[in-house]
1. Among the residues of segment 251-283, how many are polar (S, T, N, Q), at pLDDT 95 or above and closer than 21 Å to His151 by Cβ?
2. Scan (1) under 22 Å from Leu270 (Cα atoms); (2) out of contact with any strand residue (DSSP E or B) (no Cβ under 8 Å at 6 or more places or on another chain); (3) assigned to a loop (DSSP other than H, G, I, E, B) for the single condition Asp61 breaks and write down its number.
3. When you go through (1) open to solvent by less than 10 Å² (accessible area, probe 1.4 Å); (2) in contact with a Lys or Arg (Cβ under 9 Å, 6 or more places away or on another chain) one by one for Cys240, which number turns out not to apply?
4. Kindly establish whether Gly215 is buried (at least 19 other Cβ atoms within 10 Å of the Cβ) and small (Gly, Ala, Ser).
5. For the structure I just gave you, tell me whether Glu56 is under 20 Å from Val149 (Cβ atoms), of a type outside the set (A, V, I, L, M, F, W, C) and outside any loop (DSSP other than H, G, I, E, B).
6. Of these, Pro293, Pro286, Pro326, which one is under 21 Å from Leu92 (Cβ atoms) and modelled with pLDDT under 95?
7. Please enumerate the residues belonging to segment 261-290 that are among the small types (Gly, Ala, Ser) and within 13 Å of Pro176 (Cα to Cα).
8. Given the residues Ala110, Ala27, Ala81, which is the only one that is farther than 18 Å from Ser322 by Cβ, in contact with a helix residue (DSSP H, G or I) (Cβ under 9 Å, 6 or more places away or on another chain), of a type in the set (Gly, Ala, Ser) and open to solvent by less than 20 Å² (accessible area, probe 1.4 Å)?
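The values are calculated or read from the model by the stated rules, or taken from the named source; none is laboratory data. What you see is a predicted model; the values in this text were computed from it and never measured. Note that we place each Cβ from the backbone using ideal geometry, even for glycine, and neighbour counts take in every protein chain shown. SASA here: full protein model, heavy atoms, side chains in, ligands and nucleic acids out. Shrake-Rupley method; radii C 1.70, N 1.55, O 1.52, S 1.80 Å.
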Amino acid sequence: MARDSTRIPVINIEPLVSGAGECLQVAGQIASACRDSGFFYIIGHGVDEHLQARLEKVSRDFFAQDIDEKLEIRMEKGGRAWRGYFPVGVELTSGRPDRKEGLYFGAELADDHPLVRQRLPMHGANLFPANIPTFRETVLEYLTAMTKVGHAMMEGLALSLGLNATYFSERYTSDPLILFRIFNYPPMDNRATESEGWGVGEHTDYGLLTILKQGGTSGLEVKSKLGWVEAPPISGSFVCNIGDMLDRMTGGLYRSTAHRVKSPAEDDRLSFPFFFDPNFNAEVKPIEMNIRPDDDRHERWDRASVHDFSGTYGEYLLSKVSRVFPQLRREVL
């Protein structure tokens, strides 16, 4: 595992996935990475390479279509489930339009599912393009595979904090909130200024854990103690980072690290963030660790403290995403 302030560590999580081997050793590596940077690569995750290649293929096929074809599954049609396609410039970060287009997915729930019948936001059926027949099965298979990795990683995170491996599953993730995005970043116009050259501006993620598959093009940058550090794609790996809720639970011991995405110079850039988060209705509480919360609001991109928040994860999440899609918020929530 790489260990210095300018490199993001690479951790082999195969013992966590298989349930055999030196899980505590892996947990120790996770602890070091979370305390140092909040970001790390994982290998040994067991997600089929052919499945990943299929996912990239159907994603490129989708984004290569005309805008009218993509808008057939626009987010407005997803309603309260908050699913579907959005064009470049619609999603906001810190009030500024992102230079990316994307697709929102989540756990596939039928109309008669109790949570859907309750009209719980961000729960429901996904929207899939009808003209790409293998898209639906590929995304759903990928969600199943990544959910398995998410459960394994949460066991490793629990062990890294000196807790029972089932700490998070018993309290928050026996039925996790699963959110998945496919983003496409178009090349930056040569006439764009430096401030306009960001696909996504500085931000932190909201929940527990993000597991990111990157395409072959660089762009992700992580805010380290010494400045911004590139996180280029590494073959066979995913990038993991912790979110605001794990920051809150650990009193800032594990920090939700700011990151951003630079627009590509030539070819489009694909990325596939998978968010493994607490149950929507779970009340998120600090872990009893005899640690006084370390308030870093003056260093954070949004000047807000995750330690001031109290309530359910769903309440926190909705307060954030409503700023990302203000028009959709007015129409749906």
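1. Pass one, segment 251-283, residues polar (S, T, N, Q): 256-257, 263, 271, 279, 281.
Still in the list and also at pLDDT 95 or above: 271, 279, 281.
Adding the requirement that they be closer than 21 Å to His151 by Cβ leaves 279, 281.
Going through segment 251-283 one residue at a time, the tally reaches 2.
2. (3) is the only condition that Asp61 fails.
3. (2)
4. On the way: buried (at least 19 other Cβ atoms within 10 Å of the Cβ): yes; small (Gly, Ala, Ser): yes.
For Gly215, the condition - buried (at least 19 other Cβ atoms within 10 Å of the Cβ) and small (Gly, Ala, Ser) - is met.
5. On the way: under 20 Å from Val149 (Cβ atoms): yes; of a type outside the set (A, V, I, L, M, F, W, C): yes; outside any loop (DSSP other than H, G, I, E, B): yes.
For Glu56, the condition - under 20 Å from Val149 (Cβ atoms), of a type outside the set (A, V, I, L, M, F, W, C) and outside any loop (DSSP other than H, G, I, E, B) - is met.
6. Numbers: Pro293 fails: under 21 Å from Leu92 (Cβ atoms); Pro286 fails: under 21 Å from Leu92 (Cβ atoms).
Answer to the selection: Pro326.
7. Of all residues in segment 261-290, those among the small types (Gly, Ala, Ser) come to 263, 265, 271, 282.
Matches in segment 261-290: Ala282 only.
8. Numbers: Ala110 fails: open to solvent by less than 20 Å² (accessible area, probe 1.4 Å); Ala81 fails: farther than 18 Å from Ser322 by Cβ.
None of the other options fit; the residue is Ala27.
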